[in-house]
Amino acid sequence: MTQPKTAQEQSEIIDQSDKENQEQAVRQEICRIGRLMQTKGYIAATDGNISVRIATNRILCTPSGLNKGDLKPDLLVVVDLNGKLLEGSGRPSSEIGLHLSLYRKCSEIRAVVHSHAPSATAFALAGQALDQPFLTESIMALGPIPLAPYATPGTEAVGIAAAEFCPACNGVLLAHHGAVTWGEDLQQAWFRMDSLEHTATILLKAGVLTEKVKELPEAEARRLSDLGVKMSRFGQAIGQSGRTVVLGQGGLSDREGLPNAELEEIDSGFLAVRFDDVSNRLILLDQTQLPNRLVYNEYDEPAGVGEAIKRLEVRGAPAIGVAAAYAYYLGALKNIEEPRPRFDELLSMIGDNLNKTRPTAVNLKWAIDRMEARLAAASGLTSREAAQELLNEARQIHDEDTAICRGLGEQGLTLLKPGMGLLTHCNAGALATSRYGTALAPIYLGEERGYGFKVFADETRPLLQGARLTAWELQRAGVDVTLICDSMASIVMQNGWIDAILVGCDRVAANGDSANKIGTSGLARIAHSLGIPFYIFAPTSTIDLNCPTGADIPIEERSGDEITTLWYAGRMAPAGVKIYNPAFDVTPAEYITAIVTEKAVLRGHFAEGLRNVKN
């Protein structure tokens, strides 16, 4: 007969259970932050590592050789302070010596994060080349961020160099090797890494590093730029473009020596639209190649950008607007030797041609109107001076879109609760904008904050933006996403799996009628009949107060080949059959629960609210 357990034994069992639950929670958090680091572009594939001290002589850490997007709690390993493997079937990270040196040096450190965050790495590279640390002043909540002396990556010397600065500092830049931050728990260590990267990006945009690097001789600039390419597959950022340190006089871009339209796996994160100020090229992520290949194409003249917009290489109203603004500037560069007003006449023709590429997306016309207004305001300047003004305007449009998307995410998140099931249509994520997305922005923010949404993505016939793009970027970010055919949306809603529907839009009429990818209106009507909230995410730039109702929105019609042959090895419809292929439909305002803008969430009769946020 089994003897009953004593009170002490029962207490020990409870304590052990609590410890196991706590460790499992830490494991899950390490995996979440690993995926987040990859989504933000701080690491590529197997780069970077994370560890947490779960007991005096037990360090839980990421394994070597595993893509951070594939991290799972049971794949993590446990080592002691000497690096001996205690638990797990894999090998500890090759940088475990870095972590252990910090833990041995300071008992207060409970978590360490190491990444190749691009802006911070740019400072580390240039700081070593110039023998001058740039982030030594106290910044934000970080305190001073020194530059640790160079040591061969993966050796104990890296950790020894970093440990010299703790506990006085909360992190260091690693010469040739990114950055490392630490804290009393994992959240604090991650916050410091994220803050470091944001601060470094702001300083890069302010030109702090660019001016210093100009002091380098040409040979050193070339060497440093080459280092930026070699040490990371996605290069090191300078400014918003996310590109390698282009080091002024004689410097190289990260494109030199690489095939022009075949830059697969250069970027860990992804930006749909980037502009290289050095080469004066617009860089577009070719979305027609996704999800199978990550390919960037470069353009230095507006006609090519116009064709890229037409064939959906770049798509999504905000991203199209940003691309069009840069295309207009490229037109100014091509005609910079023309005297005014001939310069203005040529740009007017370029603007007209760009406006014809995608008539439904109002952001395109909005961006061209802004560029033309900036040109008119520069009437007293030379063509060359006016071109610089146009570049400034394009940059401003780009920066504003990033801020707008973040605002949409914050506003949208107020409508959602942790654990919700969400349905989305087409692609309204980071691929459709500068960053974050519109309708997907609150999903990304929720993922960062542990909301645990369960997302269903319509495949979105006929161009499959949901299957090719939304499923790709959400899965990449670690979001729980399930792909369904468009015709399955009704049963998914009837099953009770959907708590809200989130979609973007290409144009909002003055009365609230909203145009979005074909199939959106049907979803709204089904949701209305089932009492499911239907939310339109609309940057204020998509609001067209000059368009009274949805009936006034022009609807683009596209080639029937998209339905009959595009995705098939052979023709999948009889030759000669009539085809109707509208790219968009209009959802009447009465089926929309709320219109989410970056400024406010609008409900009820939309006309007044739209006027207020637009003006």
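Quick notes on this structure:
- Residue match in region 469-477 (condition: open to solvent by 10 Å² or more (accessible area, probe 1.4 Å), modelled with pLDDT under 95, of a type in the set (A, V, I, L, M) and outside any helix (DSSP H, G or I)): no
- All conditions but one from (1) touching a residue at least 24 places away in the same chain (Cβ under 8 Å); (2) under 31 Å from the mean Cα position of the chain (by Cα); (3) surrounded by 16 or more Cβ atoms within 10 Å (Cβ to Cβ) apply to GLY609; the one that does not is (1).
- Within region 434-448, residues that are in contact (Cβ under 8 Å) with a residue 40 or more places away in the chain and open to solvent by less than 10 Å² (accessible area, probe 1.4 Å) have Cβ atoms under 6 Å from residues that are among the polar types (S, T, N, Q) and in a helix (DSSP H, G or I) in these pairs: SER434/THR402, counting only partners at least 6 apart in sequence or on another chain.
- In region 563-590, the residues that are buried (at least 20 other Cβ atoms within 10 Å of the Cβ) and not small (Gly, Ala, Ser): PHE584, VAL586, THR587
- Residues that are in a loop (DSSP other than H, G, I, E, B), more than 28 Å from THR542 (Cβ to Cβ) and of a type outside the set (Gly, Ala, Ser), drawn from region 554-575: THR565, TRP567, TYR568, ARG571, MET572, PRO574
- Residue match in region 358-365 (condition: of a type in the set (Val, Ile, Thr), closer than 30 Å to ASP513 by Cβ and either open to solvent by 70 Å² or more (accessible area, probe 1.4 Å) or within 30 Å of the chain's Cα centre (by Cα) (or both)): yes
- Flag for LEU602 being at pLDDT 95 or above and under 17 Å from PHE534 (Cα atoms): yes
- Hits in region 519-565 (condition: within 25 Å of the chain's Cα centre (by Cα) and aliphatic (A, V, I, L, M)): ILE536, ALA538, ILE543
- Among the residues examined, LEU86 qualifies as over 30 Å from the mean Cα position of the chain (by Cα) and either open to solvent by 40 Å² or more (accessible area, probe 1.4 Å) or of a type in the set (Asp, Glu) (or both).
- Every residue from region 532-562 that is in contact (Cβ under 8 Å) with a residue 40 or more places away in the chain, hydrophobic (A, V, I, L, M, F, W, C) and open to solvent by 60 Å² or more (accessible area, probe 1.4 Å): ILE555
- Subset of region 286-312 that is in contact with a strand residue (DSSP E or B) (Cβ under 6 Å, 6 or more places away or on another chain) and either touching a residue at least 60 places away in the same chain (Cβ under 8 Å) or not charged (D, E, K, R) (or both) - its residue that is surrounded by the most Cβ atoms within 10 Å (Cβ to Cβ): VAL305
- Any hit, region 37-50, residues being surrounded by fewer than 19 Cβ atoms within 10 Å (Cβ to Cβ), under 19 Å from HIS99 (Cα atoms) and at pLDDT 85 or above: no
- Residue within region 322-344 that is among the small types (Gly, Ala, Ser), under 28 Å from ALA471 (Cα atoms) and under 29 Å from the mean Cα position of the chain (by Cα) present: yes
- Selection from region 499-538 of residues that are more than 23 Å from ARG611 (Cα to Cα), of a type in the set (Gly, Ala, Ser) and part of a strand (DSSP E or B): ALA500
- The number of residues in region 480-531 that are of a type in the set (D, E, K, R) and open to solvent by 50 Å² or more (accessible area, probe 1.4 Å) comes to 3.
For every residue, the table says whether it meets (1) at pLDDT below 95; (2) in a helix (DSSP H, G or I); (3) within 24 Å of VAL503 (Cβ to Cβ).
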position: ASN297; (1), (2), (3): yes, no, no
position: GLU313; (1), (2), (3): yes, no, yes
position: PRO318; (1), (2), (3): yes, yes, yes
position: GLY321; (1), (2), (3): yes, yes, yes
position: TYR326; (1), (2), (3): no, yes, no
position: ILE336; (1), (2), (3): yes, no, no
position: LEU364; (1), (2), (3): yes, yes, yes
position: SER379; (1), (2), (3): yes, no, no
position: GLU393; (1), (2), (3): yes, yes, no
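- Extreme residue, farthest from GLU156 (Cα to Cα), among residues of region 72-83 that are in contact (Cβ under 8 Å) with a residue 24 or more places away in the chain and surrounded by 13 or more Cβ atoms within 10 Å (Cβ to Cβ): PRO73
- Residue that is modelled with the lowest pLDDT, among those in region 416-452 that are of a type in the set (Gly, Ala, Ser) and within 17 Å of THR540 (Cα to Cα): SER434
- Some residue of region 454-462 being touching a residue at least 12 places away in the same chain (Cβ under 8 Å), within 17 Å of ALA317 (Cβ to Cβ), open to solvent by 10 Å² or more (accessible area, probe 1.4 Å) and out of contact with any His (no Cβ under 7 Å at 6 or more places or on another chain): no
- Counted as qualifying within region 33-107 are the strands (runs of 3 or more DSSP E) with 2 or more residues that are closer than 21 Å to GLU197 by Cα, namely 49-55.
The values are calculated or read from the model by the stated rules, or taken from the named source; none is laboratory data. No experiment lies behind these values; they were computed from the predicted model shown. No Cβ is skipped: glycine too gets one built from the backbone with ideal geometry, and neighbour counts run over all protein chains shown. Accessible surface is based on the protein model in full, side chains and every heavy atom, while ligands, DNA and RNA are left aside. Shrake-Rupley method; radii C 1.70, N 1.55, O 1.52, S 1.80 Å.
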